[in-house]
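**Q** Can you keep this structure in mind? I'll have questions shortly.
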């Protein structure tokens with residue numbers, strides 16, 4: 001039986017193939033592990049057809065209802081002709097079960113990393129995000145939650161403070177810094193009261209955009225939540241000029257509340273806090289020490305804490 005420490009211990013290649021075949025897919029025995037830490041993702045060879053991608057969900061992270069909301073959002077975006085890789089439907093369901101595992105199957109979609117220094121590409125991405133947000137604004141998530149301080153500051157910082165990774169000599173300073181940042185970020189969000197939350201991609205960085213000869217497409221809605229539109233914009237912008245170009249393209253299809261620009265720095269800091277908490281929370285998973293060995297070093301936590309204190313100073317000055 002898989003445990004919290006070894007959530008995928010029973011997910012052998014044979015088990016992966018058996019799960020996919022339980023959906024009625026005739027595999028050819030080929031299994032290629034793809035890069036993923038939170039979930040486990042594999043390319044599966046299919047007899048006399050194109051390969052599929054199988055995504056096995058980490059137990060305990062999302063409820064079935066939350067996963068189905070993600071899938072429904074992806075299918076809604078695809079129906080609106082947005083370039084999104086959506087899950088396949090088997091027997092009227094996108095969420096499949098095998099043994100203790102929950103999984104979904106997707107068409108394989110290749111592509112290359114986007115070139116986000118290009119004016120044309122940035123405006124293209126801005127237009128696509130405006131259309132994505134237009135669809136996202138039609139309804140709300142009920143089970144997936146919101147990109148807020150509880151999810152991105154309070155819970156991950158608690159994971160850090162209870163983790164053996166955080167050096168004992170730094171715990172008090174870390175706790176005080178988090179308290180200061182939480183208050184400053186709360187004030188920044190309160191200052192733009194009335195900014196609308198909508199259904200977002202949620203993790204829209206360059207790694208979740210693949211480019212083909214026909215243009216870009218979005219992958220991996222695993223972090224989709226409610227939140228402000230700017231969350232899907234700032235991570236794609238390598239510079240202030242790039243953000244301006246994204247917004248220029250965005251404005252062709254959808255109005256943007258420019259008050260949200262004051263949330264970019266708070267959202268950036270919240271992502272830093274969440275990243276450290278994510279590593280701390282998952283450290284018992286054997287994949288994490290191998291992938292993030294730096295988190296076992298006191299020096300990394302010292303640099304992380306210094307970055308957070310610098311961010312607190314900048315937010316306070318602003």
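The values are calculated or read from the model by the stated rules, or taken from the named source; none is laboratory data. What you are looking at is a predicted structure, and each value in this text was computed from that prediction instead of being measured. Note that each Cβ is placed from the backbone with ideal geometry, even for glycine, and that neighbours are counted across all protein chains shown.
**Q** Of all residues in the range 188-213, count the ones that are out of contact with any strand residue (DSSP E or B) (no Cβ under 8 Å at 6 or more places or on another chain) and either crowded, with 19+ Cβ neighbours inside 10 Å or in contact (Cβ under 8 Å) with a residue 12 or more places away in the chain (or both).
**A** The qualifying residues number 10.
**Q** Checking residue 110 against (1) at pLDDT 95 or above; (2) within 20 Å of the chain's Cα centre (by Cα); (3) in a loop (DSSP other than H, G, I, E, B); (4) under 26 Å from residue 41 (Cβ atoms), which single condition isn't satisfied?
**A** (1)
**Q** From the list 144, 149, which residue is in the same structural domain as residue 236 (by TED's automatic domain parsing), farther than 16 Å from residue 83 by Cβ, in contact (Cβ under 8 Å) with a residue 40 or more places away in the chain and in contact with a strand residue (DSSP E or B) (Cβ under 8 Å, 6 or more places away or on another chain)?
**A** On inspection, the qualifying residue turns out to be 144.
**Q** Same structure, new question: Is it true that some residue in the range 77-92 is within 18 Å of residue 254 (Cα to Cα), in a helix (DSSP H, G or I) and not assigned by TED's automatic domain parsing to the domain that holds residue 182?
**A** yes
**Q** When you check residue 264 against the structure, is it in a helix (DSSP H, G or I), surrounded by 20 or more Cβ atoms within 10 Å (Cβ to Cβ) and under 22 Å from the mean Cα position of the chain (by Cα), yes or no?
**A** no
**Q** Can you work out which of the residues in the range 267-294 that are in a loop (DSSP other than H, G, I, E, B) and under 18 Å from the mean Cα position of the chain (by Cα) is surrounded by the most Cβ atoms within 10 Å (Cβ to Cβ)?
**A** Per the stated criteria, the residue is 282.
**Q** Now, a different point. Can you name the residue in the range 244-261 that is free of Cβ contacts under 8 Å to residues at least 12 places away in the same chain and part of a helix (DSSP H, G or I) and is also nearest to residue 181 (Cα to Cα) among such residues?
**A** 258
Each row is one residue, and each column tells you yes or no for (1) within 13 Å of residue 106 (Cα to Cα); (2) at pLDDT below 95; (3) within 20 Å of the chain's Cα centre (by Cα).
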| residue | (1), (2), (3) |
| --- | --- |
| 20 | yes, no, no |
| 28 | no, no, no |
| 36 | no, yes, yes |
| 56 | yes, no, yes |
| 63 | no, no, yes |
| 74 | yes, no, yes |
| 77 | no, no, yes |
| 82 | no, no, yes |
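**Q** Checking residue 224 against (1) over 24 Å from residue 41 (Cα atoms); (2) in contact with a strand residue (DSSP E or B) (Cβ under 9 Å, 6 or more places away or on another chain): exactly one of these is not met. Which one?
**A** Just one mismatch for residue 224, condition (1).
**Q** Could you grab me the full set of residues in the range 205-235 that are at pLDDT below 95 and either assigned to a loop (DSSP other than H, G, I, E, B) or not assigned by TED's automatic domain parsing to the domain that holds residue 141 (or both)?
**A** Once the filter is applied, which keeps residues that are at pLDDT below 95 and either assigned to a loop (DSSP other than H, G, I, E, B) or not assigned by TED's automatic domain parsing to the domain that holds residue 141 (or both), the range 205-235 yields 205, 213, 214, 219, 220, 235.
**Q** Is there a residue in the range 295-314 that is buried (at least 18 other Cβ atoms within 10 Å of the Cβ), outside any helix (DSSP H, G or I), outside the structural domain of residue 60 (by TED's automatic domain parsing) and at pLDDT 95 or above?
**A** no
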